[in-house]
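Asks: This is the structure I have questions about; it appears just below.
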Amino acid sequence: MKKIIVLVTVMITLFGCKNGQKEKVAVEESEAQKDSAAISEMVTEPGFEDSIFSDGSKPAPWDNAGISNPKAMVDFIKVFQGWVTLDQKDSIVSHTRFPAGQIKSKEDFAKKYAEIFTPEYKSAIAKQNTRQIFRNANGAMIAGGKIWLIQDGNQFLVSAINK
């Protein structure tokens, strides 16, 4: 519970509170770059390391997924989980490369958000163990393939949103 409170506090500090304002899907690219830079500078918990999957297999190396800074990627995933939990659509869309799997554009994201991001879908993302992130040449996968993430330079982006 303490980690959730800290995460929400960090998110509010980094990205501001909407206070019931209607969120806009279109976000300036420069804002997305600032957000990614702030996430990249976050510090992870001491002792960060992967753990073995429940089937006994080990995750592939992060560099196989094109991720040069695993700690920053895990920090991004934690922030992303908070965005999803709090329905911060503008933050999600500003960190998504389109087309993203079943979502073709920012406009498509806005239309399909409620259909895709159901309570069950959001719960699967929230429950992702950040010490057990599957990865391969396509990037890092969370929530059983619902979300794929990549590193592009110093930014971390959603590359696929699947039902």
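Nothing in this text is a laboratory measurement; each read-out follows from the coordinates by a stated rule. In this text, all values refer to a predicted model and were calculated from it rather than measured experimentally. Here the Cβ positions follow ideal geometry from the backbone for every residue, glycine too, while neighbour counts run over all protein chains shown.
Asks: Explain nothing, just the number: relative contact order of the range 52-130, from Cα pairs under 8 Å at least 6 residues apart, as a whole percent.
Replies: Relative contact order comes out at 28 percent.
Asks: Amide H neighbours of residue 160 under 5 Å, counting only residues 5+ apart in sequence or on other chains, H built in-plane at 1.01 Å?
Replies: Those lying under 5 Å, H to H, from residue 160 are 148.
Asks: With an 8 Å cut-off on Cα pairs and a minimum separation of 6 or more residues, tell me the relative contact order of the range 87-163 in percent.
Replies: Details: 89 pairs, mean separation 26.2, N = 77.
Normalised by residue count, the contact order of the range 87-163 is 34 percent.
Asks: Using only C-alpha positions, report the orientation-averaged shadow area of the convex hull of the range 68-154, nm², one decimal. Provide the component values of the computation, followed by the final result.
Replies: Numbers: hull surface 21.8 nm².
Over every viewing direction, the Cα hull of the range 68-154 projects on average to 5.4 nm².
Asks: With r as the distance between the Cβ atoms of residue 120 and residue 49 and R0 = 25 Å, compute the FRET efficiency 1/(1 + (r/R0)^6) and round to 0.05.
Replies: Calculated transfer efficiency: 0.25.
Asks: Among rounded, prolate and oblate, which fits the range 76-123 when a ≥ b ≥ c are the square roots of the eigenvalues of its C-alpha gyration tensor, a/c under 1.5 means rounded, and a/b larger than b/c means prolate?
Replies: It is oblate, given that a/c is not under 1.5 and a/b is not larger than b/c.
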